[in-house]
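Asker: Sharing a structure here in structure tokens format.
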Amino acid sequence: MWIFLKIFLFFFKKDLKYTRFSIYYVYKQIKLKEKGGIAVNKAELIKDMVERSDLKKKDVEVALNAFLESVKASLVKEEKVQLVGFGTFEVRHRKAREGRNPRKPEEVIHIPESKAPVFKAGKALKEAVNAPKKAKKAKAKAKGKKKRK
């Protein structure tokens with residue numbers, strides 16, 4: 001099956017890559033899952049929130065949209081949004097600078113100043129993300145010590 005899918009994609013990838021529900025899209029999602037991660041979109045996030053709470057789907061969707069709009073409005077005003085334990089949303093300023101055109105390295109271009117929204121993960125979020133790796137290392141060390149005795 002995989003060989004057929006790879007051969008099919010080899011010949012028709014150009015035609016299929018612009019349709020969201022194509023075989024190419026499914027193939028990419030499978031590859032992401034095999035690597036250990038897949039992007040979660042808004043609909044999947046809402047579904048997960050409904051499963052974790054006693055709220056209806058419509059209520060969760062309204063709450064999530066209100067949260068996103070609040071964060072966006074705060075960032076437009078250049079205010080910092082800090083959620084203790086989760087992280088901080090803020091706006092950082094990038095200075096104007098000179099750059100080079102990658103196609104013509106001798107050509108210098110002016111890059112104007114800009115603002116960039118940034119998310120910085122909090123301590124609790126970092127610990128939660130890194131916890132499984134530390135547990136695996138601790139188990140491996142414990143096994144190593146037992147074998148030496």
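The values are calculated or read from the model by the stated rules, or taken from the named source; none is laboratory data. Just so you know, these numbers come straight off a predicted model, no measurement behind them. Backbone-built Cβ (ideal geometry, glycine too); neighbour counts: all protein chains shown.
Asker: Only residues in the range 69-98 that are more than 20 Å from residue 114 (Cα to Cα) count as the first member; pair them with residues that are among the hydroxyl-bearing types (Ser, Thr, Tyr), Cβ under 8 angstrom, at least 6 apart or cross-chain, and list the lot.
Answerer: Pairs found: 82/88.
Asker: If you don't mind, another one. Give me the strands (runs of 3 or more DSSP E) completely within the range 1-104, filtered to those with at least 3 residues that are modelled with pLDDT under 90 and either surrounded by 13 or more Cβ atoms within 10 Å (Cβ to Cβ) or in contact with a helix residue (DSSP H, G or I) (Cβ under 6 Å, 6 or more places away or on another chain) (or both), ordered by residue number.
Answerer: none
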